[in-house]
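Beneath this line is the structure, given in C-alpha cells, with notes to follow.
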DNA sequence: TCATAAGCGAGACGGTACGTCTGGTCTTTCA
DNA sequence: TGAAAGACCAGACGTACCGTCTCGCTTATGA
C-alpha cells in the first residue's frame, strides 16, 4: 500500500557519516563531504516542497534556502527527485529515532483482523500528516513516471512496511487464521492497495471505517458462506 | 482497476463539435474555434508524450509540431496536463467509436469469477498497450500531485470503468454469488486496486495469473472455510 | 526649423469625406469609409502616444481604445507610424481651423531680426506644448530611421513652415537687409537647424534668449557688407 | 555636427578590462564578466543593425548570432538601444586605435574657414560610411524619443567632437578671426546643426559644397566688424 | 607544519521553456 | 460590402531554471 511508515524497518546502522547514496554517485570524496550542507539541503528541500509544492521547488531554490552553492547539490545528487527522496528518507529515520523501534511494528494479539485494522488506522493517520503529505505525494508521482526512481521509492519506503504486513499474515497463517497456500504478498495487497489507490488517485475517502471494512472483506472474502 | 477503458461508457452522443471542456475554459468564443488546430494539438501532444516522455514534452513543442501558435494552446487550455488529458479523452473516444460499444462491456455469463478474470486480463493487456502507457502514466502522476486534475482524471477516465465493475458485482449479488450487505464500491477495489498499484508504483509484475489470483482471493476471502 | 506649424499651408479644401491619404493606400473604396472610426482612431492614437509613449502604443491598443477592429486600421494604414502621422496632421488642421490662418504667418514689420526672433520664440513655445511633444518626437524619430516616412514628415509638416521663413528672408533680401546671392534655403537653416537639433537631440536648452542669439549671429553672416 | 567622430577624444586609457558601462549596471560582478561574450555581442548587434535594420534587430537575434544566452545580454544591458550604444562606442574606440589620435583633430592652419570646411567635409564622408550609417541613425532616433539614452548619446558621441569645434573657434577668436563676446557653443551650431538636420531628417542633400557654404555664411556672421 | 588538493559558496555562462504580448491575416456576423 | 470582433500563426519579449563552468576561500589531511 502507500508507504505507511517510511523506513520503519530495523535499519542496521546506516552510519550517518557515510550513507550509501540512493543511486550511485560516482566521483567525489564522500569522506570530506560537509554534513552541515547536507542537512541544510534536506531541510530546505522538505520545507520548499511543503510550502510551494514539488513542481515549484527548484534546485536553485533549495540551494539558496540552504545557503549552499548549486554545485554542491549537483555534486551529490542527480536530480530534484533524488534530493527529495534522500531528504524524505532522512526525515523518516530521524522520526523513527525519536519514536522507538517497536512503535512501527504490527502488533500480534492473536486477532489478525484487529491487529490489521489497528495498523491500517495508523497508516491512515500517517497519510494525513502534513509533514509527509507533500513530499510523499511528490515522490510517488515521480515514481509513476520514472521507473528507476519508482523502484527505489518502493524498495526504500514501501518494502519494509509491506514486509511487516506479510510477516503478520504469515503468523496468522501459522495460527490457522489464513488459508494455506495463499500467496501472502498478494494477500496483503487486498487491503493495502485499495487504501493506497484512494490516497494516490483521490478515488475516494480514506477513513478508519473504510480500512476496517477492507480488512473484513479481504479476510473473509465476498462470497456468501 | 486503473482506467482500463477510457470512456468505454455508453456516451449518449457528446456532440463532438461542442464537447464540454474537461475544466471550464471561460473566455473565448468556442463557436469560432478551429477544429483543425484542436485535432492537430491532440495528435502532437500524444505523439510527443509517446516519443520523448511527458517531462520533455513542452507546450512549445506541441505547438510547433501541430503547426499552431502557442497562444492557440494557451487560449483553450490552462496547462500541459490539461491538454494531454483532453487529448487522451479524445483518443479514447475515437477508439471506442472504431471498436463498437459492447467491446468494452463486462460479460455476464453467470460466472462472476470467470467474467471478472476475463475483464481484468484485458485490462492488463490494455495497460501494456504502448499507445496508452506514456500518456496514461503521465496523467496519473500529475493527478497524484494535482488534486483538481486528479479528480477530473478519475471522473472522466476511471469512473466509467469502475461503474461497470460495480454493475457486474450487483448482478452477481442478485444471483446470490456475492454476500448481501457488501459495499460494492469497496468490493471492487479488492481486485482492481492491487493491479492499479502494481502498475502505477512498480510494486510488482501484473500478469494474467496475478489478476486471476486476485479475483479468487477477493471473491472467496483469505480465511479458511 | 522643426515643424512648428503643422499644415498651416492654405490647404485648398481637403474635403473631409475623402481626404487624400498621406501615403497611397491602394485597395478599398474610400467613399464608404467610416468617418466615425477614422476620427476615433486619430484620437486614440494621439492619446496613447501622449499617455504611454510611442513604443508602447500598439495597433491593438489603438483599435481597442477606438472601439474599432484591427482590420479597420490595417485596411487604411500601413503602419503605426503612418496612423500617427495622419492623426497628427489632422490635429494640426483642426487647430489651424480654430486659430485662423494668419496666426501662423511670419510678420513683416520691416525689421527682419525682430520678425524672425518673434517667430522663433513662438516656435519654442510650440515645441513645449504637451499636445505636440510626444507625437511630434515620435514621428521625428521614426523619420530618422525610416526615410520614406521621414520625407513625408518633412513635406507635410516641415516644408510649409520652412517656406514661410524663406519667403520672409526673400522679402528682407529685396529690402536690402540680406546679401544678394545668398541661398535662402541654406540661410534659414542657420537659425532653424540649431533649434531643431537642441530639441531633437537634447544637445542643450532651447530658450527665447537662445533663439534671439541665433538670429543675431546668423543675420550678421547674411547681411550685406 | 552630429557625432562625426565617436570618441575621437584623447581617451587616457580606459582600461579595456574594466570599462565604465555607459549606463550604470549595478548588480552583477563585473570582474567575472566574459569579455569573449561581450565582444561577440557587440559584433552581432552592429552586424544585425546593418543587415536587417534596427527595428528588426532583436535581442534574441543578437544572442543567437553571438552564441550567447539571452540572459547574458539582459544581465549587462537594460535594452536593445543600450547594447547598440555600447557596441557603437566600442566600435569607435577600436577605429580610433587603428587610426591614431591626430587623425580626428581639427587642423589649425591659421585659416579658420579652410580648417572648418576641411573638417565638415570629412564629417560628411563619415556620415556616408556604411559601417556607421545604420547604427548611428538608430541611436539618434532612439535618443529623440528616449531622453535618458539621448543624453548619453550626446555626451559620449557628440560632445567630444563638438568640443573640438569649440576649441578651434576659440583659437580663431584669439587670432582675431571671430568676434569677441561670441558664445562659441552657439556659434558652432551655425554650421554643425544644419548638416545634422539634413542628415537626420532628410531635409536636403549634404554635400561638400553645402558644408562649404555653411561655413562661409556662418563665419561672416561671426566675423568682427 | 605546512602545501596541496578537495569541497565549498557564489554566481556567470549557454541554453530551453515559460507564459504574455503584439503583428499581421483571415473568417464570421452584423448592419 | 465595410466594419466590429476576435481566432489564428508567428515569433519576440523578459523571466526563471537548468546543468556546467570557473572563481577565491576554507579546511583537513598526508609529505
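Computed from the coordinates by the stated procedures, all read-outs in this text should not be read as laboratory data. Quick caveat, the model's predicted, so the values are computed rather than measured. Cβ placement follows ideal geometry from the backbone for every residue including glycine, while neighbour counts extend to all protein chains displayed.
Once you order the gyration tensor axes a ≥ b ≥ c over the Cα atoms, which shape class does segment D:33-98 get: rounded for a/c under 1.5, otherwise prolate or oblate by comparing a/b with b/c? Cα axes put segment D:33-98 in the oblate bin.
Peptide D:50-56 has a mean shielding of 1, counted as Cβ atoms of other protein chains within 10 Å of each residue's Cβ. Summary of the geometry: segment D:146-225 and segment C:81-138, compared by the centres of their Cα atoms, lie 26 Å apart. Partner shielding of D:199-208 amounts to 6, given as the average count of beta-carbon atoms from other chains within 10 Å of each residue beta-carbon. With its label point put 7 Å out from Cα toward Cβ, residue B:181 sits 2.8, 12.2, 12.8 nm from the same residue's point in the other copies, in order from shortest. Ascending distances from the residue B:131 label point to its copies in the other chains, with the point 7 Å along the Cα-to-beta-carbon line: 4.8, 6.4, 6.9 nm. The chain B residue nearest the rotation axis shared with chain A, using its Cβ and rounding the distance to whole Å, is B:221, 1. Label point of residue B:148 (7 Å along Cα→beta-carbon): distances to the other copies' equivalent points are 3.3, 3.7, 4.8 nm, sorted ascending. Sorted on the mean count of surrounding Cβ atoms within 10 Å across their residues, most packed first, peptides A:128-136, B:159-167 read B:159-167, A:128-136.
Within 10 Å of each Cβ of C:149-161, how many other protein chain Cβ atoms are there on average?
2
According to the Kirkwood relation over distinct C-alpha pairs, the hydrodynamic radius of segment B:144-209 is 13.5 Å. When D:77, B:76 are sorted by how many other C-beta atoms sit within 10 angstrom of their C-beta, beginning with the fewest, the order is B:76, D:77. Between residue A:220 and residue C:32, what FRET efficiency follows from the Cβ-Cβ distance if R0 is 56 Å, with the result rounded to 0.05? After rounding to 0.05, the efficiency reads 0.10.
Assign one of three labels to segment A:107-220, namely rounded, prolate or oblate, based on the Cα gyration tensor with a ≥ b ≥ c the square roots of its eigenvalues; rounded applies when a/c is under 1.5, prolate when it is not and a/b is larger than b/c, and oblate otherwise. Taking the square roots of the gyration eigenvalues as a ≥ b ≥ c, segment A:107-220 is prolate.
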